[in-house]
1. What do you reckon, is residue 136 surrounded by 14 or more Cβ atoms within 10 Å (Cβ to Cβ), over 16 Å from residue 242 (Cα atoms) and free of Cβ contacts under 8 Å to residues at least 24 places away in the same chain?
2. Of the residues 152, 146, which single one is touching a helix residue (DSSP H, G or I) at 6+ places or on another chain (Cβ under 6 Å), under 30 Å from residue 193 (Cβ atoms) and among the polar types (S, T, N, Q)?
3. Looking at the structure I just gave you, is residue 134 farther than 23 Å from residue 43 by Cβ and either at pLDDT below 95 or not charged (D, E, K, R) (or both)?
4. Which residues, counting only those in segment 29-52, are part of a helix (DSSP H, G or I), at pLDDT below 75 and surrounded by 10 or more Cβ atoms within 10 Å (Cβ to Cβ)?
5. Here's a check for you: in segment 64-109, which residue that is of a type in the set (Phe, Trp, Tyr) and under 24 Å from residue 319 (Cα atoms) is nearest to ligand 1 (Cβ to nearest atom)?
6. When segment 56-114 is examined, which residues are found to be of a type in the set (Phe, Trp, Tyr), assigned to a helix (DSSP H, G or I) and in contact (Cβ under 8 Å) with a residue 24 or more places away in the chain?
7. Is it the case that residue 126 is outside any loop (DSSP other than H, G, I, E, B) and either among the β-branched types (Val, Ile, Thr) or buried (at least 22 other Cβ atoms within 10 Å of the Cβ) (or both)?
8. For residue 270, state whether it is under 19 Å from residue 120 (Cα atoms), part of a helix (DSSP H, G or I) and either touching a helix residue (DSSP H, G or I) at 6+ places or on another chain (Cβ under 7 Å) or not assigned by TED's automatic domain parsing to the domain that holds residue 398 (or both).
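The values are calculated or read from the model by the stated rules, or taken from the named source; none is laboratory data. This is a predicted model, so every value here is computed, not measured. Don't worry about glycine lacking a Cβ; one is built from the backbone with ideal geometry, like all the others, and counts go over all protein chains shown.
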Amino acid sequence: MDAGLDKVQAIWEKETAVVEGMDISGPWNRMFEQRVIWEYTPDLIDQIASIEGAESFAWCYQCAKCVPVCPVDVVGDYGPRKLYRKSQTGIDWTQGPDLWLCTTCANCLRVCPKLVDMVQIMPALREQALLSGNNVPAELQEALENTFRYGNPLGQPPRKRDAWVKKAGVPVPLLYKEKRPVEWLWWVECYPSYHPRGIDASIALAKIFNALAIDFGILGREEKCAGDSQRLAGEKGLFEMLAEQNIATLSKYEFERMVVTDPHALNAFRKYYPKYGGEYEVWHYTQLLVQHLDRLRELMTQPLNRKVTFHDPCYLGRHNGEYEAPRQLIQALPGVEFVEMWRCRENGYCCGGGGGGMWLDGYVVNYQRRRLSEQRVLEAIATGADTLVVVCPYEVSRFEDAVKSTGNEGKLEVKDIAELIAEAMGV
Ligand code: SF4
Ligand code: SF4
């Protein structure tokens, strides 16, 4: 008999058990033996927890609450507890794909009794990988390089950032031309400036702002990526550079508040830009629109005849606590039946785009049964909805691709809420 098996049997088969003077020997009394499940070393856990930002990894006590809520585990094999367990068994997951699968969606943090914080742990570990140049997926590297060179992850020329304005059909004031104070500085961000479907939503939002007589202006070609997803992908240095450049640009203009299209930009401006001296009052566009709900109701006269469901962006909901504004807007749309998906609000599923996932779609598919965006599209279709409403610029293109790749073309339309409001207004 080999030594390992012998050891296992020794654990399970105690010959005698005497408890308080009573002999209770029997095969079942193995429960009175210490059951060594595995031999492990805490070395890797200590090593991870010694990295600034990743300290909480060592606090895990393996309750496993995090695993069923992890969106990556739904389509694969993941979650903080599983990573902790791998570390115990000496598997250095930081050197493989596990380092890149977490989308920093924060659903595990929501349920973790020990506050093991993957939103801090992952960027800290990824920074090490980026600094060493090991285990960095090529497509992520390209997006980071694009951001460094062009100020946007798509690799588009900076001067084309405001080209969409010419197609808007309504005034979109460019502050570098108009040089006047505005009430709202609209931070458009990269995908709404360059991606065709993002531009559709930007044009719709510009039309709504004009119809509501909102006094706004944009930075246009002077704006650079806010950088939050690059920071979460481990590129803290790039984030700092972008923050400093953007803060310098913003300091040239007078405005009362900022409105952002992108929940990731919202997160950056609210939580991280103040550390670099950029303190602003920042609202998500759904929060601004909902302030004008009465007027919007008057303007939205065209019934849409849709059955819609809604995807909560992780960085608007869990990260920044806004669940109601998008729902109030959806419920005000004329001719719309609204159904929730079963994973929603605090337990909303992740589209897979956060934490650098936007630039890892080709990579993650090798390690998951399907992409998170595909899983979410299937959940949306299961509600019987014909329209999936989104309020984050990452999501329109992600979900439209997922509708196609799951073979559901024609069954589900993906629309930014601004597109639906503009449609109902007939503008
Ligand atoms: S919920 Fe927290 S403590 Fe429990 S297993 Fe997950 S990471 Fe560990
Ligand atoms: S942050 Fe989200 S994706 Fe990452 S481990 Fe936690 S639940 Fe999973």
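1. yes
2. None of the other options fit; the residue is 152.
3. No; evaluated as a whole, the condition is false for this residue.
4. 29, 30, 32
5. Applying the filter and picking the extreme gives 84.
6. Residues satisfying the conditions are 57, 59, 84, 100.
7. Here the answer is yes, as residue 126 does meet what is asked.
8. Considered against the rule, which asks whether it is under 19 Å from residue 120 (Cα atoms), part of a helix (DSSP H, G or I) and either touching a helix residue (DSSP H, G or I) at 6+ places or on another chain (Cβ under 7 Å) or not assigned by TED's automatic domain parsing to the domain that holds residue 398 (or both), residue 270 comes out as yes.
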